[in-house]
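Each remark here refers to the structure printed beneath this line.
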Amino acid sequence: MIETRQLRVLLWHVHGSWTTSFVRGGHRYLLPVVEGGGPWGRGRCGRDWPAAEEIPADALRMAEPDVVVLQRPEEIDLTERWLGRRPGIDIPAVYVEHNAPRDGAATSRHPLAERTDIPLVHVTHFNELMWDSGRAPTRVVPHGIVDPGALYTGELPHGVALINEARRRTRVTGSDLLADFARAGPVDLYGIGAGEFAPPGRTLHPVRGIGDFAHPGLHAAMARRRVYLHTARWTSLGLSLLEAMHLGMPVVALATTEAVAAVPPEAGAISTDIAALTAKFHGFLHEPDLAVLAGKSGRQFAVEHYGLGAFLRRWDVLLAEVT
């Protein structure tokens, strides 16, 4: 068994929800800060991350990180410039790939494909399968989230979806499909730009764009809705889907990317048949007892497979190996 020790881990604030889980581990997490913030020095951005320490970029050398967790190709050169140490050579490093490949998915070659000294960590098995990782050693560390608790009441017979920039990212996020669901029942939309969204075509029920909420208020609002809708055609694995399952919500989801592994049939419905999904959505709206049973099954599965404890243990093992 690999013995874990506290490490000084350098990483950037790139993916807020993922980082919320990652910095719950037993290490010291160093987040760079530069004047004006921006993509290379955002620090915590007001997040409640007690174990994460904001470090001015010009003080990073004195902080002496033990390992760097890279998440964007540009961070390789940035680390060398700020630390005077080359990732994978002078300082242990791993690279977390949060996304599924985009254009030409099955033939997309990863930017680290020619590196053998930096493990490439995928957040889903689907991503590892689809990326051409070349010579890079790969690992999969599935998501784990902070359990918001079984808050589900389902008192409002509405569906709810969480989509950022739904108007701009229509095909990718599947926000165009909300109109199909709205023919079966009302749909509430949360996320960045939700208030500007209007579904194409006519619907029998409204699609109401509400806005972007912070996590505690968002979870409470989600849990009052009866069904969670996951419409993404192409995504890595939406953490909001896992949060909805942790809340105890039944989910109706497209059977795309990693969702086919994350959503068991007893947790709601998963299919590529929109007619079948809208029928199931309609059924849950009108049979709340069935919705409760599906939500309980989904929560049990999510806690077992996407819990915070397992996520942090896997990262402890990997960080111990590379350091």
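The values are calculated or read from the model by the stated rules, or taken from the named source; none is laboratory data. Please read all numbers here as calculations on a predicted model, not as lab measurements. In this analysis, Cβ positions are derived from the backbone assuming ideal geometry, glycine residues included, and neighbour counts consider all displayed protein chains. In case anyone asks, the SASA skips ligands and DNA or RNA and just uses the protein heavy atoms, side chains included. Shrake-Rupley method; radii C 1.70, N 1.55, O 1.52, S 1.80 Å.
Take THR203 and tell me if it is at pLDDT below 95 and of a type in the set (S, T, N, Q).
In short, yes.
I'm checking my understanding of the structure. Among residues of segment 11-27 that are part of a helix (DSSP H, G or I) and not small (Gly, Ala, Ser), which one is surrounded by the most Cβ atoms within 10 Å (Cβ to Cβ)? First the steps, then the outcome.
Step one: filter segment 11-27 for residues part of a helix (DSSP H, G or I), giving 16-22.
Restricting the remaining residues to those that are not small (Gly, Ala, Ser) gives 18-20, 22.
On the way: TRP18: 19, THR19: 22, THR20: 18, PHE22: 24.
Within segment 11-27, the match that is surrounded by the most Cβ atoms within 10 Å (Cβ to Cβ) is PHE22.
Considering only residues that are touching a Leu at 6+ places or on another chain (Cβ under 9 Å) and in a loop (DSSP other than H, G, I, E, B), look in segment 201-228 and name the one that is least open to solvent (accessible area, probe 1.4 Å).
My answer is THR203.
Scanning for something among the β-branched types (Val, Ile, Thr), under 28 Å from LEU277 (Cβ atoms) and assigned by the TED database to the domain that holds VAL14, does segment 105-126 turn up at least one residue? Give the steps one after another, and end with the answer.
Residues of segment 105-126 among the β-branched types (Val, Ile, Thr): 107, 116, 118, 121, 123-124.
Restricting the remaining residues to those that are under 28 Å from LEU277 (Cβ atoms) gives 123-124.
Right, trim to assigned by the TED database to the domain that holds VAL14 and you get 123-124.
Yes, segment 105-126 contains at least one residue that is among the β-branched types (Val, Ile, Thr), under 28 Å from LEU277 (Cβ atoms) and assigned by the TED database to the domain that holds VAL14.
Have a look at ALA291, ALA261, ALA276 and point out the one that is part of a helix (DSSP H, G or I) and within 22 Å of PRO142 (Cβ to Cβ).
Only one candidate qualifies: ALA261.
State yes or no: is ALA105 in contact with an Asp or Glu (Cβ under 9 Å, 6 or more places away or on another chain) and small (Gly, Ala, Ser)? Give the derivation first.
Numbers: in contact with an Asp or Glu (Cβ under 9 Å, 6 or more places away or on another chain): no; small (Gly, Ala, Ser): yes.
So ALA105 does not fit the description; no.
State all residues of segment 75-117 that are open to solvent by 10 Å² or more (accessible area, probe 1.4 Å) and closer than 11 Å to MET130 by Cβ; if no residue qualifies, say none.
Residues satisfying the conditions are GLU97, ASN99, ARG102, GLY104, ALA105, ALA106, THR107, SER108.
Out of ALA261, ALA279, ALA275, which single residue is surrounded by fewer than 16 Cβ atoms within 10 Å (Cβ to Cβ) and within 19 Å of the chain's Cα centre (by Cα)?
Unique residue meeting the criteria: ALA261.
Hey, among PHE284, PHE301, which residue is free of Cβ contacts under 8 Å to residues at least 60 places away in the same chain and crowded, with 22+ Cβ neighbours inside 10 Å?
Only one candidate qualifies: PHE284.
Any chance segment 130-143 includes a residue that's open to solvent by 40 Å² or more (accessible area, probe 1.4 Å), among the acidic types (Asp, Glu) and not assigned by the TED database to the domain that holds THR272?
Within segment 130-143, one or more residues are open to solvent by 40 Å² or more (accessible area, probe 1.4 Å), among the acidic types (Asp, Glu) and not assigned by the TED database to the domain that holds THR272.
Just the residues that are open to solvent by 70 Å² or more (accessible area, probe 1.4 Å), closer than 29 Å to VAL317 by Cβ and assigned to a loop (DSSP other than H, G, I, E, B), please, taken from segment 46-74.
ARG47, ASP48, PRO50, GLU64, listed by residue number.
I'd like the residue in segment 185-200 that is assigned to a loop (DSSP other than H, G, I, E, B) and in contact with a Lys or Arg (Cβ under 9 Å, 6 or more places away or on another chain) and, out of all such residues, is most open to solvent (accessible area, probe 1.4 Å).
It comes out as ALA198.
Would you pick out the residues in segment 28-45 that are buried (at least 20 other Cβ atoms within 10 Å of the Cβ), among the hydrophobic types (A, V, I, L, M, F, W, C) and touching a Phe, Trp or Tyr at 6+ places or on another chain (Cβ under 9 Å)?
The one that is buried (at least 20 other Cβ atoms within 10 Å of the Cβ), among the hydrophobic types (A, V, I, L, M, F, W, C) and touching a Phe, Trp or Tyr at 6+ places or on another chain (Cβ under 9 Å): LEU31.
What's the number of the condition LEU318 fails, among (1) without any contact (Cβ under 8 Å) to a residue 60 or more places away in the chain; (2) open to solvent by less than 40 Å² (accessible area, probe 1.4 Å); (3) assigned by the TED database to the domain that holds PHE126?
Among (1) without any contact (Cβ under 8 Å) to a residue 60 or more places away in the chain; (2) open to solvent by less than 40 Å² (accessible area, probe 1.4 Å); (3) assigned by the TED database to the domain that holds PHE126, LEU318 violates only (1).
I'm trying to understand the selection: among the residues of segment 148-179, which are free of Cβ contacts under 8 Å to residues at least 60 places away in the same chain, among the hydrophobic types (A, V, I, L, M, F, W, C) and either outside any loop (DSSP other than H, G, I, E, B) or open to solvent by 40 Å² or more (accessible area, probe 1.4 Å) (or both)?
LEU178, ALA179
Just give me the residues in segment 237-247 being open to solvent by 10 Å² or more (accessible area, probe 1.4 Å) and not aliphatic (A, V, I, L, M), in sequence order.
GLY238, SER240, GLU243
Determine whether ALA221 is out of contact with any Lys or Arg (no Cβ under 6 Å at 6 or more places or on another chain) and in the same structural domain as THR235 (by the TED database).
yes
Suppose we filter ASP90, ASP48 for residues that are free of Cβ contacts under 8 Å to residues at least 24 places away in the same chain, within 23 Å of LEU308 (Cα to Cα) and touching a helix residue (DSSP H, G or I) at 6+ places or on another chain (Cβ under 9 Å); which single one remains?
From the options ASP90, ASP48, the qualifying one is ASP48.
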